[in-house]
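K.L.:
Handing you a structure now.
No lab work stands behind these numbers, since they all come straight from the coordinates. It should be emphasised that the depicted structure is a prediction, and the values quoted were computed from it without experimental measurement. Cβ: placed from backbone, ideal geometry, glycine included. Neighbour counts: every protein chain shown.
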Amino acid sequence: MSNILIIDDNPEILETNMSHLTDEGFIVTPADTGKKALAHLNENQYDCIVMDIMLPDTNGFALCNAARKITAAPIIFLSCLDSPDDKVKGLMIGGDDYITKPYSLKELAARIHVHLRRERSGTQQHITFGMCRIDKLKKMIHTPEKEVFLSQKEFELFLLLFENPGRMFSKVELLEALWPDGTDIGTVAVHILKLRRKLEFAKGFIGTIDNDYRHGYCLSRPDKEEAD
């Protein structure tokens, strides 16, 4: 059974959501403040988080940012704020979905099932590495201080190096892996340079891209690393 954390300061909405999701077979934990929600997150593991934005002691955007330092579980915003800017903000700071009130309880349950199925199928959207969060879908690298978006090829290059720390890749190997249709070998060096510049802020979390003139490039992790 999946564990769901629901955060909303409206007792009627909280009770209604809990009742429906419990009937759907979920184990549901309620929280009516951001403080209580963070306490739950620090003590327990949840498979999905559903949170309102308007809370008495904080707002959902700040809470999402704080939660992302603790968990990579899917976060679904459930809010009466329906402007495009609010939706974009919620997704950009680490949310996975955004549902506006009023909403269908069946839709809420269906959205949760979709995110859980995606996680279980091995297509996990997020990787947490210490205080660093890597969003595969958005191609975003996020730390507590800053975040950056990568192009498709930059992200593919980063992920290849990140998932093989310490392994040296030659330019030819990178070219064949990422540009199978062929391109100039200089393209590799150009993308490495761009990637280094973009990831400079996160080197204390994910490491640095080192190069050896004869052998190629590798990602050297920090001396002290914390992987989740």
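K.L.:
Ordered by residue, what ³J(HN,Hα) values in Hz, to whole numbers, does the range 65-76 give under the Karplus form 6.51 cos²θ - 1.76 cosθ + 1.60, where θ = phi - 60° and Gly and Pro are x?
P.N.:
4, 5, 5, 5, 7, 10, 9, 9, 4, x, 10, 10
K.L.:
Also: Under a 5 Å amide H to amide H cut-off, with H placed in plane at 1.01 Å, what residues pair with Tyr98 once short-range neighbours are removed?
P.N.:
Under 5 Å from the amide H of Tyr98 lie the amide H atoms of Phe77, each far enough along the sequence or on another chain.
K.L.:
Per DSSP H run of n ≥ 4, the term is -39500 (n - 2.57); total these for the chain, divide by its residue number, and report the mean residue ellipticity at 222 nm rounded to 500 deg cm²/dmol. Please list the in-between numbers first.
P.N.:
On the way: 9 runs with 93 residues, N = 228.
One gets -12000 deg cm²/dmol as the mean residue ellipticity at 222 nm.
K.L.:
Same structure, new question: Among the lysines, which have Cα under 16 Å from the Cα of Lys35 when same-chain residues fewer than 8 positions away are ignored?
P.N.:
Candidates past the 8-residue exclusion: Lys69.
K.L.:
Something else about it: What's the magnitude of the charge dipole for the range 26-86 around its Cα centre, counting Lys and Arg as +1 and Asp and Glu as -1 at the beta-carbon? Answer in Debye, nearest 20. Don't skip to the answer; put the middle values down first.
P.N.:
Values: 4 positive and 8 negative charges, 59 e Å.
Once rounded to the nearest 20, the dipole reads 280 debye.
K.L.:
Run the dipole for the range 3-124 about the Cα centre, Lys and Arg Cβ at +1, Asp and Glu Cβ at -1, nothing else charged, and hand back the magnitude in debye, nearest 20.
P.N.:
On the way: 12 positive and 18 negative charges, 99 e Å.
Using Cβ point charges on Lys, Arg, Asp and Glu, the range 3-124 gives about 480 debye.
K.L.:
Tell me which of Ser83, Thr100, Thr128 sits at the most positive position along the dipole axis of the range 43-182, charges placed on C-beta atoms (Lys, Arg +1; Asp, Glu -1).
P.N.:
Farthest towards the positive pole: Thr128.
K.L.:
Can you tell me the order of 134-146, 203-215 when each peptide is scored by its average per-residue count of other Cβ atoms within 10 angstrom, highest first? Intermediate results must be reported in sequence, preceding the final value.
P.N.:
Working: 134-146: 17.1, 203-215: 14.8.
The peptides rank, most packed first, as 134-146, 203-215.
K.L.:
I've got another one for you. Using DSSP, restrict attention to beta bridges with both residues in the chain and report what percent are antiparallel, rounded to the nearest 5. Write out the running numbers ahead of the final one.
P.N.:
On the way: 17 of 33 bridges.
Percent antiparallel among DSSP bridges in the chain is about 50.
K.L.:
Quick one: 3J(HN,Hα) in Hz for the range 81-87, Karplus 6.51/-1.76/1.60 with θ = phi - 60°, rounded, Gly and Pro as x.
P.N.:
Each residue's phi maps through the Karplus curve to give 6, 10, 6, x, 5, 5, 5 Hz.
K.L.:
Continuing with the same structure: Per-residue HN-Hα couplings for the range 187-197, Karplus 6.51 cos²θ - 1.76 cosθ + 1.60 at θ = phi - 60°, whole Hz, x for Gly and Pro?
P.N.:
4, 4, 4, 5, 5, 4, 4, 4, 5, 4, 5
K.L.:
Determine the percent antiparallel among the DSSP beta bridges restricted to the range 3-124, to the nearest 5.
P.N.:
Numbers: 1 of 17 bridges.
In the range 3-124, DSSP labels about 5 percent of beta bridges as antiparallel.
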